[in-house]
Every structure is written in C-alpha cells, then in structure tokens.
1. Being out of contact with any Pro (no Cβ under 8 Å at 6 or more places or on another chain), touching a residue at least 12 places away in the same chain (Cβ under 8 Å), in a helix (DSSP H, G or I) and within 16 Å of residue 404 (Cβ to Cβ): is that true of residue 197 here?
2. Return the pair list, or none, for Cβ contacts closer than 8 Å from residues in the range 212-226 that are under 23 Å from residue 423 (Cα atoms) to residues that are charged (D, E, K, R) and open to solvent by less than 30 Å² (accessible area, probe 1.4 Å), at least 6 apart or on different chains.
3. For a quick check of your reading of the model, give me the residue pairs whose first member lies in the range 345-366 and is touching a residue at least 12 places away in the same chain (Cβ under 8 Å) and under 15 Å from residue 263 (Cα atoms), whose second is part of a helix (DSSP H, G or I) and among the charged types (D, E, K, R), with beta-carbon atoms closer than 7 Å and at least 6 apart or on different chains.
4. Identify, from the list 299, 240, 293, the residue that is closer than 30 Å to residue 75 by Cα and not in a helix (DSSP H, G or I).
5. If you go through the range 385-400, how many residues are under 30 Å from residue 439 (Cα atoms) and open to solvent by 50 Å² or more (accessible area, probe 1.4 Å)?
6. Hey, could you check the range 345-369 for residues that are of a type in the set (A, V, I, L, M) and touching a helix residue (DSSP H, G or I) at 6+ places or on another chain (Cβ under 6 Å) and say which is surrounded by the most Cβ atoms within 10 Å (Cβ to Cβ)?
7. If you scan the range 313-347, which residues turn out to be assigned to a helix (DSSP H, G or I) and of a type in the set (D, E, K, R)?
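The values are calculated or read from the model by the stated rules, or taken from the named source; none is laboratory data. Please read all numbers here as calculations on a predicted model, not as lab measurements. All Cβ positions, even for glycine, are placed from backbone atoms using ideal geometry, and neighbour counts span all protein chains on display. In case anyone asks, the SASA skips ligands and DNA or RNA and just uses the protein heavy atoms, side chains included. Shrake-Rupley method; radii C 1.70, N 1.55, O 1.52, S 1.80 Å.
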Amino acid sequence: MSYKNYLMYAACLFEAIAAYGQDSTTWSLQQCIDYALTHNIQLKQNKITEEQGAVDLTQKKAELFPSLSFSTTQTVDYRPLQKTETNIVANGIANSSSNKRTENGSYGLNASWTVWNGGINRKNIQAQKLQNQISALTTQTTANTIQVQIAQYYVQILYSKDALKVDSFMLNTAQSQYDRGKEMYDQGQISKADLTQLESQAASAQYDCVSMQTQIADYKRQLKELLEITDESTFDVSGIGASDDATMQLIPNMNEVYQKALASRPEIQSSRLSIDAAALNIDIAKAGCYPSISLTAGIGDSHYSGSRESAGEQMRQNLSASAGVSLSIPIFDNKQNKTNVQKAKLSKQDSELQLQDQEKKLYSTVEEYWLNAYNNQQKYVAATSKVKSAQDSYNLLDEQLKNGLKNIVELMTGRDELLSAQQDRLQSKYNALLNIQLLKFYQGENINL
C-alpha cells in the first residue's frame, strides 16, 4: 500500500472512530455519578438485601407473641364386612354403631407461647437490627466504590482526549515535514532514505491518533457499562477545564484524611458492627444452656355420625379445653451448646481481625492516594519545564533541517522527546487531580473534578 493510500485509509478510520464518540449531549462527572447510583444493578441488589432484612426483622419481632392455629379433620370409615355393632372412640367418648359407613369430624383451636428461652428471641431481634445496619453500610460501600471507578474512567477519558490533541498536533507537524521533505527530495536536497523516514514518521503519528481514539472509545464503553447504559446512543463526557492552580492545589494532610475516614467510611463501620453482632451471637449461644418455659392452650370438639345424639348435641357434650406449662431443661446435648459458644467466640475474634485488616487497607489506600498526588504534582512541575525545553529544541531542529543543518534522525529523536514530555505532563496533571479528589472523598467530601 502506498503512503498516500495508507493516509487516506487511516484518515477514514480515524474519522469513523471519532464519529462514534461524538454526541450532542455530554455528561458531567456528577451526572454520571447520580445516574449510576440510581441504575447500577449491584446497588439495586444490595437494596433488595436491605428490604429482605427489614422483612426478617418483622418476623423475629412476631416471635415474641403467641401463635394460634386452627385445625379440623373430617374422616369417613367404611366396614363392608361388619355384622355386629362396633365401639368407636371419638374425642374421648365411646360410641357404638352398626352402620358400615360412619363419618367423624374433629376441630381444634391451639395456642402456644414461649414465655422465656434465655432471651434468645429478643437477642435475635437485636442481631437482626445489627445485620440490617451492616447491609445498609454494604450498600454505601458499593456506592463509594462505584463513584471512585466512575471518577477513574472519567479522568482517563479526559486525559486520553488531551493526549489525542497532542497526537493530532504532532500528526499535522509530521505531515508538514513530509510535504516539505518531498519538495526537498524533488530538488535533490535530501536522499530517498531521508524522505522515507519522514514518511514513516507521518505514518506513525497517524497510527498514534487512531490508537488513542480507539482507547477513548473503549474507556467510554467501560464507563457506559458501569452506568448500566445498554442502548446504542453515543456517549461523551463534558470535561473539567483543569488549570495549573487546580493541579497544584494543596494536598489534604494524610493523617487527617485517615482519621476522618476511620470515623466515616462505611466499610470500617460495618466491620465494627460485625464485632458487636459476633458478641451478641455469643450471648445467643450461651442462652441455649438455659431452661425454656412455654405455655400451651387449646379447645377441641368433635362429632360422630353413628351416635344416637345429633351432631349439635355431640359437639355440645364433646367440647373440651386444655392448658399447660412446658419446662425444658437441657442436661446433656452432646456438647452442642458448648460447641456453639466456642464457634461464636472464634467468630468474634475473626471479626476483630477483619476490622484490623480493613483499617490497614484503608491506611494503605489513603497513603497511596497521597503519594500519587504528591509525586504527580512534582512530576507535573518537572514535565512542564521539560515540555518547554523539548518544544524549543524541536522547533530549532525543524528549522535546521529545512536549512540542511540537521538530519532526519535527529529530528525524529527530538520529536519523540517532545511527545514523551507532553504525554508525561498530561498524565501527571490528571493523576494529581484525581488523587487529590479521592483524598477529599475519603475524608467525607464529594468528588468534584
């Protein structure tokens, strides 16, 4: 493929990818966050778990009250070989009948109430309340994670867009140099090898533009996936217009961020509540060693078709009521209760270790953000100076090449140094902005790029 045809092909591909990313409506960072917090599937699932916990709490509260049930049994007996009267006991009363087919109906209304079982029912209510709080904190943790991911994708898109501008500028410069080189070759001022190098430089710059646009499209796709946007509408971000002052703003104190995060981050609060829940489970396990007292009461009635009395008279005579107290004392349960207590204690120790691990991870995360913010601010200052120096050097090399004082290799080396410096400057700029905002987010502020 000739260079001209290659450029035409690459330009068409570049325009197609660019068109894919264009949209008349752009999304701000806050719009992305608000949309995700409403539509993200994982968040919706977490909220369903919260609702299930509320239902479980209602059920556990209901266990404090008596239970009441009604039962009835209707039976038909058939004795085809019967020759004499048969005695049948129904509801404690003996009746005799010579009928081969008889009908029997019994009715019962029964109530039971656990008066005391070591406080297990009330402790179960407390445990469910703690679990519901943990579920709510889990939802908050998921929401925080999603916000951080959105910010990271958003910044990556912005960085890639600015990087594309740099690549496009370098492409225009390379194209101009190739056009100038072709004129110089026609005039016999440079060799065919030099012209080929200029051609290669322009082709490489074109490739960089197409590659960067492809990355932008892929980052947008990932952000749309996080927002649960599945239609074919185009998608773009609005940008932040970051200035040098925003990049070099004061970095929050690392220890202050960590202390505020310890007090407010939902994953830390969840771990602390897990310790409380584990302690409560120890009490519940110990309560299994205590006696339990229950009250029972019931009303029963029945009628039998083989009796001389009518069904109504039978039910009047057979009506009975009962009440009782049940006391259960665990004496030997194959160490079941003792095992439950030991497991509950081990679970509490595990929860305490999980809290320590969460605090360690939190400190490591805050420290990483702080170091990234500080280092990238320093890199930004150095890269800004380096860009100016590399730009001046490249301009001089370009002018010297036109006058035949420098060769193509030196020009391309200068181009690579300038491109590298510009990319480093952009990368350090957006990394500093992102990590400063994440530090603020961890100390309780909203992400605001």
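1. Yes.
2. Once the first residue is under 23 Å from residue 423 (Cα atoms) and sits in the range 212-226, its partners that are charged (D, E, K, R) and open to solvent by less than 30 Å² (accessible area, probe 1.4 Å) give 212/167; 220/236.
3. That search, which allows pairs on different chains as well, returns 355/272; 358/267.
4. So the residue among 299, 240, 293 that is closer than 30 Å to residue 75 by Cα and not in a helix (DSSP H, G or I) is 299.
5. 2
6. 366
7. Result: 313, 316, 338, 343, 345.
Condition check ((1) open to solvent by 60 Å² or more (accessible area, probe 1.4 Å); (2) at pLDDT below 90) across all residues:
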site	(1), (2)
279	no, no
290	yes, no
296	yes, no
304	no, yes
311	no, yes
316	yes, yes
322	yes, no
325	yes, no
